[in-house]
Amino acid sequence: MRRGNLIIISGPSGAGKGTLVERLVARVPGVWVSVSATTRSPRPGETDGDDYVFLSETEFVRRIEAGEFLEWATVHNNRYGTLRSTVESMIAEGRQVILEIDPQGAAQVKALMPEAVLVFILAPSMEELEKRIRRRGAETDEQVAVRLATAVRELELVGTYDYVVENDDVLRATDELAEILESLGGKDIPDGHQA
Ligand code: 5GP
């Protein structure tokens, strides 16, 4: 039995993390993407339990207090968190587990699980990033400004990541991510430590 890897993907809103992860799942066998919980409202087309587990502020706080989160953070004025239960069992089952989370959450997970691999997705430029966020049409001008300010802060943390992938072209960037995953392989669990 081999344990899977934990791969954390971060990057500014609009860098295209979601699209790249979707393509990776379609291409690399054994990849499993964690569904986060959030207090932000669903965007048109998003479904509860699929894109996110959408929670009220009260319910999110209850789950923090119950110790249900592996990590959580406030991003763009909303709370986001990774639910502990499935992540741990999927790694034990040998899956390549992907968390699409912000750098605050990435640092929390890396402290708990130093074997986690950190990948930062970059957009080609700030102008392109703003264009992509606006094209999505889900945010007000004020929300776009908050996301761009967060992007500037997040970019300062690029140096703490193991890999940086520029999403200049979706096909090329997906290839690069797939190569990173394939290079990780699985980790043998010594006899006597199998679940
Ligand atoms: P969005 O609102 O665009 O779906 O996500 C906004 C930001 O929240 C993204 O940077 C995303 O990586 C981050 N995020 C999503 N889920 C989680 C999570 O479970 N934990 C943390 N720390 N950040 C998350």
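Read-outs throughout are calculated quantities, based only on the coordinates presented, and are distinct from any laboratory measurement. The structure displayed is predicted, hence computed values, not measured ones. With ideal geometry, Cβ positions are generated from the backbone for all residues, glycine too; neighbour counts draw on all protein chains shown.
Relative to the current alpha-carbon distance between Ala26 and Ala92, full extension at 0.36 nm per residue lengthens the span by 21.6 nm. Remark: the chain carries a charge dipole of roughly 180 debye about the Cα centre, counting +1 on each Lys and Arg Cβ and -1 on each Asp and Glu Cβ.
Do any GluC sites (Glu not before Pro) in segment 102-155 lie in a loop, going by DSSP, with at most 16 other beta-carbon atoms within 10 Å of their beta carbon, and if so which? Kindly include the intermediate steps, with their values, before the conclusion.
Numbers: sites: Glu115, Glu127, Glu128, Glu130, Glu139, Glu142, Glu154; in loops: Glu115, Glu139.
Listed in order of number, the matching sites are Glu115.
Counting only DSSP beta bridges whose two residues both lie in segment 2-188, roughly 35 percent are antiparallel. Taking a ≥ b ≥ c as the square roots of the Cα gyration tensor eigenvalues, segment 2-188 comes out oblate, since a/c reaches at least 1.5 and a/b does not exceed b/c.
Contact order for segment 1-130, expressed relative to its length and based on alpha carbon pairs under 8 Å spaced 6+ residues apart, stands at 45 percent. The label point for Asn77 and the one for Lys131, both projected 7 Å from the Cα toward the Cβ, are 2.8 nm apart. If R0 is 45 Å, what FRET efficiency do you get for Thr58 and Arg2 from their C-beta distance, rounded to 0.05? So, using R0 = 45 Å, E works out to roughly 0.65.
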